[in-house]
Amino acid sequence: MSTKKRILSAIQPTGDIHFGNYFGAVQNWVRLQEEYICTYGVVDYHAMTMPYEPKKLRQNTWDLIINLVAIGIKPENLFIQSLVPEHTELAWILSCFCSHGELSRMTQFKDKSQQSSTKSDDAFISAGLFGYPVLQAADILIYRADYVPVGKDQEQHLELTRNIAQRFNSRVGKEYFVAPETLFTETPKIMSLADPKKKMSKSLGPKHYVSVFEREADLRNKVKKAQMDSGEHRGTEVMLEGVTNMFAILKACEKTEISAQLRAAYLDGSLSYVDLKNAVTEALLEKVNEFSERKKELMKDKKGLKNQIKASSFEIRKRAQETIKEVKELTGIMNVRF
Ligand code: AMP
Ligand code: TRP
């Protein structure tokens with residue numbers, strides 16, 4: 001039997017992947033594939049928790065699959081959540097091992113429900129949005145994952161997942177579920193180029209993020225317009241957000257040599273921000289070109305890739321089915337196969 005540890009993570013099909021997602025999470029997913037048994041989900045049931053367009057959801061799901069494969073995720077490690085219906089089945093069972101109070105303390109719920117209520121007069125906050133962390137716990141526990149690589153914003157959901165696992169184990173009298181650990185990346189938050197006080201994010205609008213498939217002209221323009229500062233701190237140790245973010249991007253792109261040269265120039269007061277921006281543009285373009293090239297290849301046989309993902313979801317589902325069968329035994333739920 002393999003002694004390799006298991007990794008599980010997931011991402012919602014809500015549009016583009018930007019460099020914040022990439023350096024904060026997805027790049028790490030690609031690397032972890034070398035060392036661990038990795039399973040990555042495109043979680044379409046999660047994407048229903050906020051107002052969404054049914055006609056677009058399926059398309060967004062396939063788009064995200066292609067994008068993830070182009071970035072370096074192996075198709076055999078990928079599944080689509082709704083092709084493994086055991087996730088929602090387990091989520092119901094786990095919701096009976098999670099308290100209303102615990103869920104109401106989740107900050108993502110508070111943020112998102114506030115977002116909905118400020119956007120429109122007849123704010124609709126779904127019970128799905130409230131219960132979403134239980135579905136996330138099911139995504140993780142169903143594969144009995146040891147580690148979950150995510151950004152810092154998911155820490156609270158992971159803590160809840162561990163509480164649910166422990167409560168389940170103690171109520172059924174068996175150490176059944178593994179309490180998963182969080183794996184954070186080294187990359188700090190990548191900030192918006194247009195407003196470096198805010199994190200790079202899709203929800204702020206296209207000015208605020210750079211897609212990993214950005215068109216060259218748009219990428220050049222976004223970096224050119226990036227908000228810096230008036231340069232009054234050049235020649236000192238003080239560095240404001242805009243400049244810090246540029247250096248964070250160079251570091252994430254592993255451009256250590258040029259980054260060291262530019263940093264030295266900052267410290268002695270001779271740095272031109274145009275040079276710094278040019279270095280960032282070239283570093284990001286290198287990645288964009290590599291990913292876009294692979295995406296172009298994949299687009300030639302979309303049907304083939306779809307079939308591969310259906311097959312991998314089918315394989316991955318077998319482990320989920322095993323778990324559900326055992327959970328039903330442990331909880332007294334009927335376990336009959338028709
Ligand atoms: P989201 O698109 O917000 O659902 O995030 C998907 C993943 O990317 C999560 O693991 C986040 O923690 C991570 N992420 C999102 N935005 C950033 C950012 N600006 N910097 C670093 N990581 C991020
Ligand atoms: N909640 C995560 C986010 O907003 C996405 C997610 C759903 C997830 N299920 C998961 C992440 C399981 C890790 C593991 O980014």
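The values are calculated or read from the model by the stated rules, or taken from the named source; none is laboratory data. Given the structure is predicted, the values throughout are model-derived calculations rather than measurements. For neighbour counting, all protein chains shown are included, and Cβ atoms are generated from backbone atoms with ideal geometry for every residue, glycine included. Ligands, DNA and RNA are stripped out before the accessible areas are found, and what is left, the full protein with its side chains, is counted by its heavy atoms. Shrake-Rupley method; radii C 1.70, N 1.55, O 1.52, S 1.80 Å.
What to note about this one:
- Restricting VAL212, VAL223 to those that are within 15 Å of ligand 1 (Cβ to nearest atom), aliphatic (A, V, I, L, M) and closer than 21 Å to PHE291 by Cα reduces the list to VAL212.
- Given (1) within 11 Å of ligand 2 (Cβ to nearest atom); (2) among the small types (Gly, Ala, Ser); (3) surrounded by 19 or more Cβ atoms within 10 Å (Cβ to Cβ), index of the condition GLY151 fails: (3)
- Helices (runs of 4 or more DSSP H) fully within the range 218-301 counting 3 or more residues that are acidic (Asp, Glu): 273-299
- Note on the range 208-235: among residues that are modelled with pLDDT of 95 or more and among the hydroxyl-bearing types (Ser, Thr, Tyr), the one that is surrounded by the fewest Cβ atoms within 10 Å (Cβ to Cβ) is SER211.
- Evaluation of ASN28 against the conditions (1) among the polar types (S, T, N, Q); (2) at pLDDT 95 or above; (3) under 13 Å from the mean Cα position of the chain (by Cα) shows that the sole unmet condition is (2).
- Selected residue (criterion: most open to solvent (accessible area, probe 1.4 Å)) from residues of the range 173-188 that are more than 14 Å from ligand 2 (Cβ to nearest atom) and touching a residue at least 40 places away in the same chain (Cβ under 8 Å): LYS174
- Qualifying helices (runs of 4 or more DSSP H) (wholly inside the range 79-183; at least 3 residues being on the phi < 0 side of the Ramachandran plot and under 22 Å from the mean Cα position of the chain (by Cα)): 86-95, 107-119, 127-141, 155-172
- Criterion violated by VAL238 - all others in (1) open to solvent by less than 30 Å² (accessible area, probe 1.4 Å); (2) among the β-branched types (Val, Ile, Thr); (3) closer than 18 Å to LEU276 by Cβ satisfied: (1)
- In the range 1-49, the qualifying residues are those that are outside any helix (DSSP H, G or I), polar (S, T, N, Q) and within 12 Å of ligand 2 (Cβ to nearest atom), and the one that is nearest to PHE130 (Cα to Cα) is THR49.
- Consider the range 192-213 and keep the residues that are in contact with a Gly (Cβ under 7 Å, 6 or more places away or on another chain) and within 16 Å of ligand 2 (Cβ to nearest atom). The one that is nearest to LYS225 (Cα to Cα) is TYR209.
- Considering (1) open to solvent by 80 Å² or more (accessible area, probe 1.4 Å); (2) out of contact with any Asp or Glu (no Cβ under 8 Å at 6 or more places or on another chain); (3) assigned to a helix (DSSP H, G or I); (4) not aliphatic (A, V, I, L, M), the lone condition that GLU315 does not fulfil carries the number (2).
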